[in-house]
Structure formats: C-alpha cells, structure tokens
Amino acid sequence: MTYRPDREKAGFCEVVYRDGSARRLPRNEFEQVTAAMQSEKRWYEATGLYGQTIILRLADVLDAVDFSADAVQQMDAEADEEREHKRTHGGDDD
C-alpha cells in the first residue's frame, strides 16, 4: 500500500520548477500561485504543508498543478497496482 502523509490525502498543489524538481503546497495555494505566475511579480510567499513560509522565485516555476483528494487516491491506487504487478511478474516487462 502506498504511504502518503495525512496532510496530502486531502489533496495538494504541486509547484514544478524548471529544473524538474517540485514542491507540494496546500490546495488552497493553487489559485494564488497561478495568479502570481500570471502577474508581473517576481516572488510569491506561500505557506507549506507544515505551515512554514516558502518563498517561490516565480521565474524558476514552470507550472502549478492542483491534485484533488480523488486524484490523489487514484494515483495511489495506480502506484499500488504497478507495484503489485512488478512483484508478481518479476519486474519491468517493457
């Protein structure tokens, strides 16, 4: 079974950086992050999943993605299914 922290089970916003890294924020940050990306702002001050302040340099942000609780459940179910398939079939069949 896929492990996911309780604070992510209700959904989250994932900010994807140009270098391929990502950071997860609470879902309520999604609209503010996307609005800041579309504005002329250079920086955005977000609140992280643990309540900490995170300063985003918007020039480094490629995209922001909103994951609902249903989407998170689906992702976890697919990851569990893939893990089970690899376990029963001995790894990658690609």
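The values are calculated or read from the model by the stated rules, or taken from the named source; none is laboratory data. This one's a predicted model, so the numbers in the text were calculated from it and none came from an experiment. Counting neighbours? That spans all protein chains shown, and the Cβs are built from the backbone with ideal geometry, glycine included.
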Find all pairs meeting these conditions: Cβ atoms under 9 angstrom apart; at least six residues apart or on different chains; first residue within segment 1-28 and under 13 Å from ASP63 (Cα atoms); second residue acidic (Asp, Glu) and not in a strand (DSSP E or B). CYS13/GLU29; CYS13/GLU31; VAL15/GLU29; TYR17/ASP60; ARG18/ASP60; ASP19/ASP60; ARG24/GLU8
For segment 68-86, state whether one or more residues are surrounded by 10 or more Cβ atoms within 10 Å (Cβ to Cβ), assigned to a strand (DSSP E or B) and in contact (Cβ under 8 Å) with a residue 24 or more places away in the chain. yes
The lone condition GLY51 fails out of (1) at positive phi; (2) more than 17 Å from the chain's Cα centre (by Cα) is (2)
Can you report the number of residues in segment 39-67 which are surrounded by 12 or more Cβ atoms within 10 Å (Cβ to Cβ) and β-branched (Val, Ile, Thr)? 4
Test for VAL16: is it at pLDDT 95 or above and under 12 Å from the mean Cα position of the chain (by Cα): yes
When you go through (1) in contact with a helix residue (DSSP H, G or I) (Cβ under 8 Å, 6 or more places away or on another chain); (2) within 19 Å of ASP19 (Cβ to Cβ) one by one for TYR50, which number turns out not to apply? (2)
